[in-house]
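Down below is the structure, laid out as structure tokens.
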Amino acid sequence: MSDATAPGPVTSDAGLSSALTDQLDEAVRAVPGVDALYSAAPLVATVVASVIATTVEAVTGRPKSNSPVAVDEKKGGLEIAVKIGVTAPYAAIDVSRRVHNAITEQLGQHGNPDVAGIAVTVARID
Amino acid sequence: MPTTRAPLASPLESFSDQVLADRAADGDVRAFEVLVRRYGPLMRVYASRVLGSNDEMDDVVQESFITAWQQLPTLDNGAAVKSWLMRIVSRKSVDRIRARRPHVNIDLTDAPTPERHSPDRLAEAESQTEALTRALADIPEDQRRCWMLRELAECSYGEIAEELELPVSTVRGLLARARKTLLQEMEEWR
Amino acid sequence: MTSSDALAGHTFEELSDYLDRDRTPADPSIDGSPECQIALRGMQRLRNTHRALLKKDVERESEREDSWVNSILQHINLEARAGRDIPISHPSPSARLIVTEGAVRGILRAAGDSVPNIIVGRCHLDGDVSVPGAPVIVRVDATVLEGEIIPSLADQLRESVYAALSQHTELAVEAVDITIRDLYQVPAPAPVKASSDE
């Protein structure tokens, strides 16, 4: 688990994975109730004070994509992690499930790659 | 009538230190922001007095608040958050001074010459507050720290003693000496 | 210089201490001595002068604001308050849906803020929240506006907390314990002027 900190994921096909990341990013943001995406990459010390008037969104140090969505290629398949903020009146339960489903839908358009895990973390609810 | 007030028009600003500290300890950034605005300016004044300049003030105050955010969950009494914050900024300021001490020695000749000995300045001392500012810069460091913890940070004798790792009796003595000196200096300018 | 004799047998240190004790308990040998009174007045003057100076300095610093406030807020680590992971169920075996404990505390505060005249302070989730279905007791500290009927406000808060938790989590909440820590008074500053322009 701790080796998930390895910085250079999906180097084999950076172009494709970058495109995937961007599409996932878009799909997740399009889910009603999602009002922020935070860096989901482990141990990236980017910090967001999103509740402050000027919402600043975290950006990972990923080379190709500016998306905070994390896509890692593991032996068992893709590991996808997103961290979201949920806004009222949407329920965190519903929104997190819809985000998950939006991700699987996108993966479907990418030929249903093997998926080891899809992690959706609701980090803030307003 | 009071219930008709607009909800969420940031009522946080009127909350007590205790409530703000508790909420910030639980992760409420807005509550923490109110504390930053409430005590940040005083902490900046504190840091600038200890550091003798404004250059490092922003850094020291920022470091202090970052430390405060990390350690807030360990603060037992949220009502004491003001003196707790002031003690943090006091510590960070002193750390800063210690870190630069080697340079200070080298640059001693560049250190601001005591202006109060210059006759021109003497004549220019218009107010007691200016006299006090200068007098404060001149008293020994331990006296000044005591005085500042007492008069700026509003710490109790016990808190000062803890902070400076001195017996309360010593704190009492240092405070009295600081006052005596400051008073004498101030009276000279009357 | 100022000998004890000149201070009616008291030292300057004793007088300094007396000042910091707000001159209580009253000491007639100090209060009755003109020399001591002069020394105390001097110290009081010093304090007043300092407060004037401090007020001016703090006001000047208050005017600068914002860029440094934002800079601080952008450097604090929200992860530090994320707390435990609270699972949300999903039929897919590869799904790991989570709401953080920190986010849940946030909704508890918001639930409190939706009830007038009660302010939520610290919140605790007692129980193994990371295990689905494990019983959880929610403990909430609150402050209530003076003069309000506490049990009725506490009931409203409890209801609001239950509603929020069932909307956003699958926690098996066994009880919501509310502790009223303190009373507060209506804030003095004008509530009307700022909001009237809306």
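Quick one: what pairs do we get from region B:150-163, first residue closer than 16 Å to B:Ala178 by Cβ, second at pLDDT below 90, C-beta under 6 Å, 6+ apart or different chains?
B:Glu151/C:His50
May I ask you to verify whether A:Val99 is modelled with pLDDT of 95 or more and either within 12 Å of the chain's Cα centre (by Cα) or surrounded by 17 or more Cβ atoms within 10 Å (Cβ to Cβ) (or both)? Step through it out loud before you land on a result.
Details: modelled with pLDDT of 95 or more: yes; either within 12 Å of the chain's Cα centre (by Cα) or surrounded by 17 or more Cβ atoms within 10 Å (Cβ to Cβ) (or both): yes.
Yes: the conditions hold for A:Val99.
Take the residues in region B:178-190 that are of a type outside the set (Phe, Trp, Tyr), within 11 Å of another protein chain (Cβ to nearest Cβ) and over 26 Å from B:Ile88 (Cβ atoms), then tell me which one is surrounded by the most Cβ atoms within 10 Å (Cβ to Cβ).
Of all residues in region B:178-190, those of a type outside the set (Phe, Trp, Tyr) come to B:178-188, B:190.
Right, trim to within 11 Å of another protein chain (Cβ to nearest Cβ) and you get B:178-187, B:190.
From the residues that got through so far, the ones that are over 26 Å from B:Ile88 (Cβ atoms) too are B:180-181, B:183-187, B:190.
Values: B:Lys180: 22, B:Thr181: 17, B:Leu183: 20, B:Gln184: 14, B:Glu185: 19, B:Met186: 20, B:Glu187: 13, B:Arg190: 7.
Filtering region B:178-190 for residues that are of a type outside the set (Phe, Trp, Tyr), within 11 Å of another protein chain (Cβ to nearest Cβ) and over 26 Å from B:Ile88 (Cβ atoms), the one surrounded by the most Cβ atoms within 10 Å (Cβ to Cβ) comes out as B:Lys180.
Do the conditions hold for C:Leu145, that is, is it farther than 21 Å from A:Ala88 by Cβ, of a type in the set (A, V, I, L, M, F, W, C) and modelled with pLDDT under 95? Full working, then the answer.
On the way: farther than 21 Å from A:Ala88 by Cβ: yes; of a type in the set (A, V, I, L, M, F, W, C): yes; modelled with pLDDT under 95: yes.
Yes, satisfied.
Quick one: B:Ala31 ticks every box in (1) assigned to a helix (DSSP H, G or I); (2) among the small types (Gly, Ala, Ser); (3) more than 9 Å from chain C (Cβ to nearest Cβ) except a single one, so which number is it?
Unmet for B:Ala31, out of (1) assigned to a helix (DSSP H, G or I); (2) among the small types (Gly, Ala, Ser); (3) more than 9 Å from chain C (Cβ to nearest Cβ): (3).
Just need a number here: residues in region B:44-98 that are modelled with pLDDT under 90, part of a helix (DSSP H, G or I) and polar (S, T, N, Q).
1
So, of the residues in region B:138-177 that are more than 10 Å from chain C (Cβ to nearest Cβ) and among the small types (Gly, Ala, Ser), which turns out to be surrounded by the most Cβ atoms within 10 Å (Cβ to Cβ)?
B:Ala153
Against the condition without any contact (Cβ under 8 Å) to a residue 60 or more places away in the chain and either more than 20 Å from B:Leu152 (Cα to Cα) or assigned to a helix (DSSP H, G or I) (or both), how does C:Ile107 come out, does it pass?
Details: without any contact (Cβ under 8 Å) to a residue 60 or more places away in the chain: no; either more than 20 Å from B:Leu152 (Cα to Cα) or assigned to a helix (DSSP H, G or I) (or both): yes.
So C:Ile107 fails the test.
Determine if region C:80-92 includes at least one residue that is surrounded by 13 or more Cβ atoms within 10 Å (Cβ to Cβ), more than 8 Å from chain B (Cβ to nearest Cβ) and assigned to a helix (DSSP H, G or I).
Scanning region C:80-92 turns up no residue that is surrounded by 13 or more Cβ atoms within 10 Å (Cβ to Cβ), more than 8 Å from chain B (Cβ to nearest Cβ) and assigned to a helix (DSSP H, G or I).
Restricting to region C:1-57, what's the tally of residues that are buried (at least 16 other Cβ atoms within 10 Å of the Cβ), under 20 Å from B:Met148 (Cα atoms) and not charged (D, E, K, R)?
Of the residues in that region, 13 qualify.
Which of the residues that make up region B:34-45 are at the interface with chain C (Cβ under 7 Å from one of its Cβ atoms) and basic (Lys, Arg)?
B:Arg37, B:Arg44
Keeping to region B:135-175, report how many residues are outside any helix (DSSP H, G or I) and either in contact with a Phe, Trp or Tyr (Cβ under 8 Å, 6 or more places away or on another chain) or more than 16 Å from B:Met86 (Cβ to Cβ) (or both). First the steps, then the outcome.
Within region B:135-175, the subset outside any helix (DSSP H, G or I) is B:139-140, B:152-156, B:165-167.
Then keep just the ones that are either in contact with a Phe, Trp or Tyr (Cβ under 8 Å, 6 or more places away or on another chain) or more than 16 Å from B:Met86 (Cβ to Cβ) (or both); that gives B:139-140, B:152-153, B:165-167.
Number satisfying all stated conditions: 7.
Just to verify a result, which residue in region B:12-28, among those that are in a helix (DSSP H, G or I), facing chain C (nearest Cβ under 9 Å) and among the acidic types (Asp, Glu), is surrounded by the most Cβ atoms within 10 Å (Cβ to Cβ)?
It comes out as B:Asp22.
Within region A:65-84, count every residue that is in contact with a Phe, Trp or Tyr (Cβ under 9 Å, 6 or more places away or on another chain) and among the charged types (D, E, K, R). Let's see the steps before the verdict.
Here is the first cut: in region A:65-84, the ones in contact with a Phe, Trp or Tyr (Cβ under 9 Å, 6 or more places away or on another chain) are A:68, A:82-84.
The next check asks that each one be among the charged types (D, E, K, R); those that pass are A:83.
Residues that pass the stated criteria total 1.
For region B:46-61, which residues satisfy the criterion of being over 16 Å from B:Glu141 (Cβ atoms) and surrounded by 23 or more Cβ atoms within 10 Å (Cβ to Cβ)?
B:Met57, B:Val60, B:Val61
Identify, from the list C:Glu65, C:Glu61, the residue that is of a type outside the set (Lys, Arg) and at pLDDT 85 or above. Break it down stepwise before answering.
Details: C:Glu65 fails: at pLDDT 85 or above.
Every option except C:Glu61 fails the conditions.
Of the residues in region A:75-95, how many are under 12 Å from C:Arg96 (Cα atoms) and in contact with a Gly (Cβ under 9 Å, 6 or more places away or on another chain)?
Going through region A:75-95 one residue at a time, the tally reaches 3.
Look through region A:95-126, keep the residues that are among the β-branched types (Val, Ile, Thr) and closer than 10 Å to A:Ile80 by Cβ, and return whichever of them is farthest from the other protein chains (Cβ to nearest Cβ).
Taking region A:95-126 first, the residues among the β-branched types (Val, Ile, Thr) are A:95, A:99, A:103-104, A:115, A:118, A:120-122, A:125.
Narrowing the set further to residues that are closer than 10 Å to A:Ile80 by Cβ leaves A:103-104, A:115, A:118, A:120.
On the way: A:Ile103: 9, A:Thr104: 7, A:Val115: 5, A:Ile118: 6, A:Val120: 5 Å.
Among residues in region A:95-126 that are among the β-branched types (Val, Ile, Thr) and closer than 10 Å to A:Ile80 by Cβ, the one farthest from the other protein chains (Cβ to nearest Cβ) is A:Ile103.
The values are calculated or read from the model by the stated rules, or taken from the named source; none is laboratory data. Just so it is clear, the structure is predicted and the values come from calculations on it, not from any experiment. Please note: Cβ atoms are built from the backbone with ideal geometry, for glycine as well, and neighbour counts cover all protein chains shown.
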